[in-house]
Structures are given as C-alpha cells and as structure tokens.
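Laboratory data are not the source of any read-out in this text; all were calculated from the coordinates shown. From a predicted model like this one, the values you see are computed outputs, not experimental measurements. Every residue, glycine among them, receives a Cβ derived from its backbone with ideal geometry; neighbour counts consider all protein chains shown.
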Amino acid sequence: MLHKDDLVQICKYLKGTPTRCLKFDPALVGVLQVDCYGEPDFVGLLNAEHAYDPVCLKSRTIYMLMLGNYPIVWVSKLKQEMALSMTEAEYITLYQAMQELL
C-alpha cells in the first residue's frame, strides 16, 4: 500500500514526464515473462566503511527484476541483517527480491 506522500511524488513524476514510458510490442504481450537476477555481496563493504569495524560487516543486496527485456526494478543496498555465510546472503537477497516481486 502506497503512502500519500509516495503517491503524490509518483503523480508529479508522471505529470512532468508525459513522453517517457515503457513500450511493449503487442506481439509479445502473451509471452512476456518476469525474470529476477540477484547477486549478494557477502561482507563486501565496497569501500564504504572501515574494514575492521564489526558494525559495518554487512552484506549488500543487489537484484534486478525484468519484465521481458525491460528492467522494472533495480536495487543495491546494505542489508540490515548480518549473513553468516554466502549461502545465507543469497537466501536473504532472494527473499527481498521475491518480496519486491509480490
């Protein structure tokens, strides 16, 4: 559910950019599929924080949702959770991407 401020911001953006849009080929409407690409960065830090600070040892979530050949969502952010393994970081990334998709 969108908050009122978010909805107002979306309406302002749509009003200011009437010529921008996603264009779908009518021939492909029946075969469009949703793809999800995710890449967790396990304790990568990306030079954002001090490497020996135990507070900053967080993984980064990076994922993209595609509708056909069109990217509709792209996310890259530090996780709030601390993953203890690469597998756990992958599960967290997949979980967050699926939340976004739903």
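Mind giving me the FRET efficiency for Met98 and Trp74? R0 is 22 Å, r the Cβ-Cβ distance, nearest 0.05 is fine. That pair, Met98 with Trp74, gives E of 0.90. Once backbone amide H atoms are built at 1.01 Å from N, Ile72 has Leu65, Met66, Leu67 as its partners under 5 Å, excluding neighbours fewer than 5 places away on the same chain. Fully extending the segment from Thr19 to Met66 would add 14.8 nm, taking 0.36 nm per residue of separation and subtracting the current Cα-Cα distance.
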